[in-house]
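Single-structure report; data block below.
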Amino acid sequence: MNIRLATSKDMKVIAKIYVDTWRTTYAGLVPDVYLTQLSVQRAEQKWTQFLNDSSQDTFLYVVLNEQGITVGFAAAQIHADDGVRIGELSALYILPEAHGLGIGKKLMATIAAHFLKADVFSMLVWVMKKNEPGRAFYKRLGGKYIDHRQSRFGNVTVKDEAYEWLDITTLVRHQN
């Protein structure tokens with residue numbers, strides 16, 4: 001397994017993984033019409049804009065399997081809140097056939113290490129409340145519930161929860 005920073009050349013495969021995993025992970029959680037309207041082209045534009053957002057400190061990592069095929073990615077950014085720099089995991093998606101291989105933990109450790117090099121020591125992530133596997137994953141890695149909000153997908157409102165790590169060195173240690 002190889003994890004590396006994503007480049008503009010990775011955006012098409014990132015977009016495909018994003019759309020494919022949304023359609024499997026969020027089936028039954030958001031309207032089917034929303035999922036069927038997802039497009040790889042629009043997702044590619046979204047992630048290209050994310051990567052090139054000069055107003056934010058953004059970055060993406062991709063994970064490649066032993067055959068060199070990209071099977072997942074993570075996106076993150078650094079926010080400044082009253083002078084305190086906080087890391088946010090914006091996305092973590094792994095193709096279903098690559099689940100259970102420890103890729104999620106390794107991506108989390110990689111994101112945490114990136115934050116630490118940038119003198120960012122805490123991180124948060126938003127996850128749909130009904131996404132039980134996602135919430136359980138973040139809790140297993142030590143994420144603590146801190147907040148909630150609502151998001152809209154089509155005409156449906158969903159509840160999101162925020163999980164936080166005040167000391168992300170624990171995530172780096174999880175990998176070792």
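Name every residue in region 78-106 that is touching a residue at least 60 places away in the same chain (Cβ under 8 Å) and of a type outside the set (Phe, Trp, Tyr), in order of residue number.
Gly87, Ala91, Ile94, Leu95, Pro96, Leu101, Ile103, Lys105, Lys106
Please go through region 99-132 and give me each residue that is in contact with a helix residue (DSSP H, G or I) (Cβ under 9 Å, 6 or more places away or on another chain) and of a type in the set (Val, Ile, Thr), ordered by number.
Passing the criteria: Thr110, Ile111, Val120, Val125, Val127.
Please work out which residue is surrounded by the most Cβ atoms within 10 Å (Cβ to Cβ), limiting yourself to region 117-133 and to residues that are under 22 Å from Thr58 (Cα atoms) and not hydrophobic (A, V, I, L, M, F, W, C).
Across region 117-133, the extreme among qualifying residues is Ser122.
Being closer than 30 Å to Leu116 by Cα and in contact (Cβ under 8 Å) with a residue 40 or more places away in the chain is the filter here; which residues of region 23-51 pass it?
Thr25, Thr48, Phe50, Leu51
For Thr24, indicate whether it is part of a strand (DSSP E or B), under 28 Å from Ile146 (Cα atoms) and polar (S, T, N, Q). Walk me through it before giving the result.
Working: part of a strand (DSSP E or B): no; under 28 Å from Ile146 (Cα atoms): yes; polar (S, T, N, Q): yes.
The answer is no for Thr24.
Of the conditions (1) without any contact (Cβ under 8 Å) to a residue 60 or more places away in the chain; (2) closer than 21 Å to Met1 by Cβ; (3) not basic (Lys, Arg), Asp119 satisfies every one except a single condition; which number is it?
It fails just one condition, (2).
Of all residues in region 152-167, which are in contact (Cβ under 8 Å) with a residue 24 or more places away in the chain, out of contact with any helix residue (DSSP H, G or I) (no Cβ under 8 Å at 6 or more places or on another chain) and not charged (D, E, K, R)?
Of everything in region 152-167, those that are in contact (Cβ under 8 Å) with a residue 24 or more places away in the chain, out of contact with any helix residue (DSSP H, G or I) (no Cβ under 8 Å at 6 or more places or on another chain) and not charged (D, E, K, R) turn out to be Asn155, Val158, Ala162, Leu166.
Go through (1) out of contact with any Lys or Arg (no Cβ under 9 Å at 6 or more places or on another chain); (2) within 19 Å of Trp47 (Cα to Cα) one by one and return the number of the condition His79 breaks.
The failed condition is (1).
So Gly143 ticks every box in (1) surrounded by 21 or more Cβ atoms within 10 Å (Cβ to Cβ); (2) without any contact (Cβ under 8 Å) to a residue 24 or more places away in the chain; (3) within 21 Å of Leu29 (Cα to Cα) but one. Which box is left unticked?
Gly143 satisfies every listed condition except (3).
Residues of region 1-12 being crowded, with 16+ Cβ neighbours inside 10 Å and touching a residue at least 60 places away in the same chain (Cβ under 8 Å), which ones?
Passing the criteria: Ile3, Ala6, Asp10.
Would you confirm whether or not region 59-66 contains a residue that is within 29 Å of Asp32 (Cα to Cα) and surrounded by fewer than 17 Cβ atoms within 10 Å (Cβ to Cβ)?
Among the residues of region 59-66, not one is within 29 Å of Asp32 (Cα to Cα) and surrounded by fewer than 17 Cβ atoms within 10 Å (Cβ to Cβ), which makes the answer no.
Counting just the residues of region 130-167 that are out of contact with any Leu (no Cβ under 8 Å at 6 or more places or on another chain), over 23 Å from Arg85 (Cβ atoms) and among the basic types (Lys, Arg), which one comes out modelled with the lowest pLDDT?
Arg152
The rows are residues; the columns are (1) at pLDDT 90 or above; (2) surrounded by fewer than 18 Cβ atoms within 10 Å (Cβ to Cβ).
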site: Thr21; (1), (2): yes, no
site: Thr24; (1), (2): yes, yes
site: Gly28; (1), (2): no, yes
site: Tyr34; (1), (2): no, yes
site: Gln37; (1), (2): yes, yes
site: Glu44; (1), (2): yes, no
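The values are calculated or read from the model by the stated rules, or taken from the named source; none is laboratory data. Just so it is clear, the model here is predicted, and its values are computed rather than measured. Neighbour counts run over all protein chains shown; Cβ positions are idealised from the backbone, glycine included.
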